[in-house]
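The values are calculated or read from the model by the stated rules, or taken from the named source; none is laboratory data. Here the structure is a predicted model, which means the values were calculated and not measured. Backbone-built Cβ (ideal geometry, glycine too); neighbour counts: all protein chains shown.
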Amino acid sequence: MQGSALPEPRRSGLPRWLWLPAAVGAAFIAVPVGAMVEQVDWRHFGSLISTESSRDALRLSLETSAMSTLLCVVIGTPMALVLARTRFPGQRVVRAVVLLPLVLPPVVGGLALLEAFGRRGLLGHTMDVLGIDIAFSTTAVVIAQTFVALPFLVISLEGALRTFGTRYDDVAATLGAAPTTVMRRVTLPLVGPAMTAGIVLCFARALGEFGATITFAGSLQGRTATIPVQIYLSFIDDSPQATALGVVLIGVAVVVIAVAGRRITGGTP
């Protein structure tokens, strides 16, 4: 009919039934966390988290997590680029090995590191002759955290690189840009949000790492006893410090994820 207004397009929405399993999933995470928060002895919270062992654990966790995250970026970014942008024999096997710590129990990862870098290990024996002792040191903590966190950066970055393809890289190369320039000015900025997400996941995973750390590095206060290790030791002693430190760890993780989430989404909810 001439002159009649076209009907406004309807906005696509989600089925209402999705709200129920979504709410169940949220409660599955929120209820245990809330229960732990409720059990904290808030009257003595300050004294529980300000002991020397607690301060040492928090400082060590933040320092080693930052170092292991930086190490993940340095070696994980080239790995993701090679896996996403090249083809070579045995690539699937290499990818499977790189992602193995995602499914490997952390304790098994710690045993593997001990067999490699321990005093009687594959590489550790030679290093011990040279006067280099890695196992049960702060360096061992960083290595253990990097071992379990590295796949998170690789898988995030490789997925983004495959999604965007190579069209922008090809255009830059056609205009005369060198491969390093293309990577620095085109490829990495394009996958910036994915890299940010990977870095956050690496830091969060490193901050919460326990199994590989205690197996490969031990539990020496000020040297290898990170917050998760200190929580475990306090839990064995049936100390209320375990719950208090658990809440601190949750708080740090929430802040990191919230800040990084705004970077990834551009400030949108």
Might you check whether a residue that is on the phi < 0 side of the Ramachandran plot, at pLDDT 90 or above, out of contact with any helix residue (DSSP H, G or I) (no Cβ under 6 Å at 6 or more places or on another chain) and surrounded by fewer than 10 Cβ atoms within 10 Å (Cβ to Cβ) occurs anywhere in segment 2-16? no
Under the condition of being small (Gly, Ala, Ser) and part of a helix (DSSP H, G or I), which residue from segment 119-146 is surrounded by the fewest Cβ atoms within 10 Å (Cβ to Cβ)? Gly124
When you look at Leu175, is it over 23 Å from the mean Cα position of the chain (by Cα) and farther than 26 Å from Leu71 by Cα, yes or no? yes
Within the bounds of segment 217-227, is there any residue that is under 20 Å from Leu58 (Cβ atoms) and without any contact (Cβ under 8 Å) to a residue 40 or more places away in the chain? yes
Among the residues of segment 227-241, is there at least one that is crowded, with 20+ Cβ neighbours inside 10 Å, under 22 Å from the mean Cα position of the chain (by Cα), of a type in the set (S, T, N, Q) and under 21 Å from Ala80 (Cβ atoms)? no
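Condition check ((1) of a type outside the set (Phe, Trp, Tyr); (2) in contact with a Cys (Cβ under 9 Å, 6 or more places away or on another chain); (3) assigned to a helix (DSSP H, G or I)) across all residues:
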site: Leu14; (1), (2), (3): yes, no, no
site: Trp17; (1), (2), (3): no, no, yes
site: Gly25; (1), (2), (3): yes, no, yes
site: Pro32; (1), (2), (3): yes, no, yes
site: Arg43; (1), (2), (3): yes, no, yes
site: Gly46; (1), (2), (3): yes, no, yes
site: Ser53; (1), (2), (3): yes, no, yes
Single unsatisfied condition, Gly109 versus (1) out of contact with any Pro (no Cβ under 6 Å at 6 or more places or on another chain); (2) touching a residue at least 12 places away in the same chain (Cβ under 8 Å); (3) within 28 Å of Gly131 (Cα to Cα): (1)
Among the residues of segment 52-86, what is the count of those that are more than 22 Å from Thr213 (Cα to Cα) and polar (S, T, N, Q)? 2
Identity of the residue in segment 82-100, aliphatic (A, V, I, L, M) and in contact (Cβ under 8 Å) with a residue 24 or more places away in the chain, that ends up farthest from Leu150 (Cα to Cα): Ala84
When segment 147-172 is examined, which residues are found to be buried (at least 24 other Cβ atoms within 10 Å of the Cβ) and among the aliphatic types (A, V, I, L, M)? Val148, Ala149, Leu150, Leu153, Val154, Leu157
